[in-house]
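What follows is calculated from the coordinates using simple rules that are stated; it is not laboratory data. As the structure is a computational prediction, the values presented were derived from the model and not from experiment. Cβ: placed from backbone, ideal geometry, glycine included. Neighbour counts: every protein chain shown.
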Amino acid sequence: MKTQTFVLAAVMMVGCGVGSEALVDDGVLVEEADATAEASQDVKADVLNVVPMNIDIATGNVEGRLARVLTSSTAAKALLGPTLPSITFSRNWLVAYRPEGKSPRSRVEVKRAQLSATGTTLTMWATVTEPGAGCQAWRPNELSVVRVPSRAKVPTSIRVYLTRETFECGLTVGPTCTPGPGPSMCSGTATPLCLGAYERADGSFTSGTCVKLPRYENSSHSCSSDAACGAGGICAGLAYGPEGLCQPSWMRGTYSMPEAGQLSAPLPRDGSWYRLIVPVTGQSTVPMDAWLQVFIDGATTNTRVRLSNPSGTTSSTLVPGGGGVQIPVGVPGDESINGEWSVEVQDVGTSGAPAVLRGVRLSVTSRWD
């Protein structure tokens, strides 16, 4: 595994009004040649609590690089859409940041935030991580939240220092392949394993990918976080408790439906289910984790969701959280992971407009059986 780091220093100057309902206007980000001087300013400033948040920004509401201070639910809905996370605006400001050119597979995390001693400048140090060679797609993180102590006025400027990293998982990928009968297309190549193909209902096979697996020394070691598994590893099994097992990083994948854009599907209220098929490919053989995100406009408390694996085994019925929060789903650990997973959603409410489904996202980890 290699990590390549590119550093960009950026400053956003924004004008603002005074008062708890004020919204900082969008400004223009300009690059600074040297971030060192700015980063060391105001030693008496408040270092703020940084809270990562996983939620998608409503399509079309955010363009380019953006940093905003939001001090009311009205302002937040204008940016995020109608479904908001749990934020008490009387106590906190919400700072959202989305860098220019962020791909659908990247993650944004604010590492540190600082408010100047005078309360006029908010500075953020953020990292954008992109999956590189050999990496399965990662679950995007469109926003990061910074909890800012309430002040009588909002900052007059926002500074963002951005680090870009490319994480390479080390999986050597070759041509596509189809399993037997007989030798697969990968025989005699530098990528000998045909990975990720699965059998359809009619008995035919989808194509897989020829790969050479990376060397990873910590497989099956006990862990409580990805960091405990070292370079090239992830901690699988945390959907079921605080302890998991280290696996190579390619044994985690995220799969969305639709793959791009959003649905606009009112959910049924007649007892039937709205169904989406999510193909999972490129994993080993059986699952260790399944995490589900359901993106809904409307009352999530009236929404029910269930997940079926490619063998047809259906999970218990669950209530998704607001804002597309990840929910762990219990799935059999001895049935195939590669194949067509089914996500079914319904609205059990009896009044008002039904909830509207925007999309789903399934994140899984795997192991060899």
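The table for this structure:
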item	result
Ratio Rg/Rh [Cα only; Rh per Kirkwood] for the stretch 253-367	0.97
Label point distance in nm, residue 91-residue 270, each placed 7 Å from Cα along Cα→Cβ	4.5 nm
Using a Förster distance of 25 Å, the FRET efficiency for residue 317-residue 150 (Cβ separation, nearest 0.05)	0.05
Table column - 3J(HN,Hα) (Hz), the stretch 326-337, Karplus curve with 6.51, -1.76, 1.60, x for Gly and Pro	5, 10, x, 10, x, 10, x, x, 10, 10, 4, 9
Distance (nanometres) between label positions extended 7 Å along Cα→Cβ at residue 240 and residue 165	2.9 nm
Additional length obtainable on full extension of the chain from residue 226 to residue 78, 0.36 nm per residue less Cα span	49.8 nm
Projected label distance in nm at residue 205 and residue 112, using a 7 Å step from Cα toward the beta-carbon	5.2 nm
Distance histogram for the stretch 172-212 (every C-alpha pair counted, 5 angstrom bins, percent rounded to whole numbers)	6, 29, 31, 19, 10, 4, 0
5 angstrom amide H check on residue 349, placed H, neighbours 5+ away	none
For residue 329, net neighbour charge (Lys/Arg +1, Asp/Glu -1) across residues whose Cβ lies under 11 Å away	0
